[in-house]
Amino acid sequence: MNIAIVGGGISGIATAFYIKQFDPKVEITLFEKENELGGKMHTAKKDGYLIEEGSNGFLSNKPDTLELVELSGCGDILLKSSDNARVRYIYDKNLQTLPESPGAFLKTPLLSLKGKLRVAWEYFASAKKDDTDESLQEFGYRRVGKEMTDIFLDAMVAGIFASTPSKISAPAAFPAVVNLEKEYGSLFKGMLAKKKKEAGPGGVLMSFKGGVSAFIKRLEESMDINIIKNIDIKQIKKTDKKYKITGDNLGMTFDKIVLSTPAYESAKILRNLTPDISEKLDKIEYSPISIVGMGYDNLEHNLQGFGLLATSRAKKEVLGVLWDSSIFDDRAEKNKKLLRAMIGGQRSPLLALKNEDELLKLAINGVKETMGIETKPDMFYIKKWEKGIPNYKVGHLANVDKIFKSLENIEGIYLNSNAYYGVGLNDCISNAKKCAQKVINEKS
Ligand SMILES: Cc1cc2nc3c(=O)[nH]c(=O)nc-3n(C[C@H](O)[C@H](O)[C@H](O)COP(=O)(O)OP(=O)(O)OC[C@H]3O[C@@H](n4cnc5c(N)ncnc54)[C@H](O)[C@@H]3O)c2cc1C
């Protein structure tokens, strides 16, 4: 069997890896538009700093990423975050630690007494009667109240999706949380029941020595597949029982094709083969986000923590600031410090698209306002993602279900990327494994 995978981000790479794992005889060609694999996983190097352009790691509480690390022989470059990283901050009226225990929650000044009582009332709040979709804001207001939603859920969704509670679907973005209400009638009841069943620590943030690109490089070297870079795949055509892939003077035929490209690229590639699916793929929107890495030679700041997320109502120009050199030792040389500010998202999409000078000014002002840092950085590095993270708006799951239903009628074509069922690295890898299994099972 001869399989093409289009898109060399983690979804495409992991799909290729697992197909080979399940059946080493399958021939695979991986096509990538850029001159390097990795997509949103890429580490830039500048003046001794390692600056993540996208993801900086994954949580160790889901098994699939750790399994891929082991199977690909990358265990030796796995890097556990420092204990500092367990402390997270929220900037609402000022900088406060994120409460991690019931005791800390009772004491936190982030919520008023009324807000805390409303959260406690979640235990008794009646469960939603139907399966209709709703925004995270609607879900949050119903379950834990306005204050908790506008502070905690707002900051959390900015950190994971670069979105805001009113613009994202709760069941699509946080299925595990929504399922607690469905199964147990309340989030508290669900968490208590799960705690009894699944005793054990939560996840720890993990990354790789040398940054996430070191993992991508190793994965690339570990696979016996054909990799073609710098090629923009344009279209798929049906020929007899096979598919022809076209783009940049290419015309190769394959038995099966996996599209691990962003939804808008998959829409373009499938336009002639299946305009109906293509139209639905075009409905999946993306949030722009820019990352401003700032390196400091002599910064007088304690920086013990993971970083901060700002709430929308704090009206800051940064969504958050990650304290990278406090999380992973190798991100900056000894005694130097590296911060990464996130700008834009659904909250203020136009800010992400500003020019580099303006983005740097916003980031410098952002760390001044939220952390009191007045020192100018000695190094800066900017990465702009015009279409950074898929925004699973209300209706996302219904649209995606229709896409995959229609795809069942098109034998040999598969879709697998962060556009559908989760954006975290853990989700991408576990969905890639499922996709690989499907490709192998449906042997023609
Ligand atoms: C700023 C930022 C921070 C993040 N932080 C985290 C984090 O800390 N932890 C976490 O778990 N997740 C994080 N994420 C999310 C995570 O990084 C992504 O969801 C994941 O890397 C996406 O992988 P993917 O392979 O599905 O898509 P992509 O990485 O987008 O890969 C798609 C690939 O397809 C290629 N391509 C596109 N069109 C074509 C074409 N026509 N022909 C050939 N190739 C094509 C692209 O060049 C790209 O390489 C972050 C994302 C961003 C943007």
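A short reminder: the numbers here are calculations on the coordinates, not readings from a lab. Predicted model only: the values in this text are computed from it and were never measured. Counting neighbours? That spans all protein chains shown, and the Cβs are built from the backbone with ideal geometry, glycine included.
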Review point. In which sequence would TYR18, TYR421 go, from the one with the fewest C-beta neighbours within 10 Å to the one with the most?
Key: TYR421, TYR18
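What does the extension gain come out to for ASP232 and THR253, with contour length at 0.36 nm per residue minus their alpha carbon separation?
Working: separation 21, 0.36 × 21 = 7.56 nm, distance 1.60 nm.
Fully extending the segment from ASP232 to THR253 adds 6.0 nm.
Hey, what D do you get for the stretch 215-288 in µm²/s if you plug the Kirkwood alpha-carbon radius into Stokes-Einstein at 37 °C and 0.692 mPa s?
Numbers: Rh = 14.0 Å.
Answer from the Stokes-Einstein relation: 235 µm²/s.
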Check your understanding: Which of the pairs LYS217/LYS368; LYS242/LYS393; LYS25/LYS234; LYS182/LYS368 have their Cα atoms more than 31 Å apart in this structure?
Key -> LYS217/LYS368; LYS242/LYS393; LYS182/LYS368
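Extension gain LEU350-ASN61, at 0.36 nm per residue separation less the Cα-Cα distance, in nm?
100.5 nm
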Exercise for review: Find how many whole Å separate the alpha carbon centroid of the stretch 314-341 from the alpha carbon centroid of the stretch 231-310.
Suggested key: 27 Å
**Study point:** Rg/Rh (Cα only; Kirkwood hydrodynamic radius) as it applies to the stretch 227-267
**Key:** 0.94
Check your understanding: Using a simple spin-label model with points 7 Å from Cα along the Cα→Cβ vector, what separation in nm is obtained for GLU183 and LYS405?
Key -> 2.6 nm
Check your understanding: Which distance in nm do the two modelled labels at ALA127 and LYS387 give, with both placed 7 Å along the Cα-to-Cβ direction?
Key -> 3.8 nm
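Largest first and in whole Å, what are the equivalent-ellipsoid semi-axes of the chain based on the Cα gyration tensor, each being the root of 5 times an eigenvalue? All intermediate terms of the calculation are to be shown ahead of the outcome.
Values: eigenvalues 261, 151, 85 Å².
Largest first, the chain gives 36, 27, 21 Å.
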Check your understanding: Equivalent-ellipsoid semi-axes (√(5λ), Cα gyration tensor) for the stretch 1-159, whole Å, largest first?
Key -> 40, 22, 16
Check your understanding: Comparing SER60, SER135, SER213, which has the greatest mean-square fluctuation in the GNM of the chain with Cα pairs linked when under 10 Å apart?
Key -> SER60
Revision key, fill the gap. Once phi for every residue in the stretch 295-303 is put through the Karplus expression 6.51 cos²θ - 1.76 cosθ + 1.60 (θ = phi - 60°), the whole-Hz ³J(HN,Hα) values, with Gly and Pro written as x, are x, 10, 6, 9, 9, 7, 7, 5, 6
Revision key, fill the gap. Among LEU351, GLY366, ILE382, the residue whose Cα sits farthest towards the positive end of the charge dipole of the stretch 285-391, when +1 is placed on the Cβ of each Lys and Arg and -1 on the Cβ of each Asp and Glu, is LEU351
**Study point:** Ranked by how many other beta carbons lie within 10 Å on average, peptides 62-73, 238-249 from highest
**Key:** 62-73, 238-249
Study note, to complete from the structure: The equivalent-ellipsoid semi-axes of the stretch 84-156, taken as the square roots of five times the Cα gyration tensor eigenvalues and listed largest first in whole Å, are 24, 14, 11
Exercise for review: Report the normalised scattering of the stretch 311-422 as log10 I(q)/I(0) at q = 0.16, 0.18, 0.19 Å⁻¹, calculated by the Debye formula with identical scatterers on the alpha carbons.
Suggested key: -0.85, -0.96, -1.03
**Study point:** the stretch 286-444 - charge dipole about Cα centre, Lys and Arg +1 at Cβ, Asp and Glu -1, debye rounded to 20
**Key:** 460 debye
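Apply 1/(1 + (r/R0)^6) to the Cβ-Cβ distance of ASP378 and SER82, taking R0 = 22 Å, and write down the FRET efficiency to the nearest 0.05. Mind dumping the intermediate values first?
Numbers: r = 23 Å, r/R0 = 1.03.
Plugging the Cβ-Cβ distance into 1/(1 + (r/R0)^6) gives 0.45.
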Practice item. Have a look at GLY57, GLY372, GLY295 and tell me which one the Gaussian network model of the chain (Cα, springs below 10 Å) gives the largest fluctuation. Key: GLY372
Exercise for review: Run the dipole for the stretch 356-444 about the Cα centre, Lys and Arg Cβ at +1, Asp and Glu Cβ at -1, nothing else charged, and hand back the magnitude in debye, nearest 20.
Suggested key: 340 debye
Check your understanding: Principal axis lengths of the stretch 121-220 from Cα atoms, whole Å, largest first?
Key -> 50, 34, 24
Point to revise | Sparse-neighbourhood loop sites, chymotrypsin sites (Phe, Trp or Tyr not before Pro) in the stretch 80-183 - DSSP loop, at most 15 other Cβ within 10 angstrom | key: PHE124
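Work through the residues other than LYS209 whose Cβ is under 10 Å from its Cβ and net out their charges, Lys, Arg +1 and Asp, Glu -1. If you can, show how the numbers build up before the last one.
Details: positive: none; negative: ASP76, ASP329, ASP330.
Local net charge: -3.
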**Study point:** Extreme residue, positive dipole direction of the chain, given options MET252, SER325, GLY424 (C-beta unit charges)
**Key:** GLY424
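Could you work out [θ]222 nm for the chain from helices alone, using -39500 (n - 2.57) per DSSP H run of at least four and dividing by all its residues? Round to the nearest 500 deg cm²/dmol. Don't skip to the answer; put the middle values down first.
On the way: 17 runs with 157 residues, N = 444.
Helices in the chain give a 222 nm mean residue ellipticity of -10000 deg cm²/dmol.
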Check your understanding: For labels at LYS46 and ASP240 in the simple 7 Å Cα→Cβ model, what's the distance in nm?
Key -> 5.2 nm
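Please order ASP427, ASP47, ASP224 by the number of other Cβ within 10 Å, starting at the fewest.
Ordered from fewest to most neighbouring Cβ atoms within 10 Å, ASP427, ASP47, ASP224 come out as ASP224, ASP47, ASP427.
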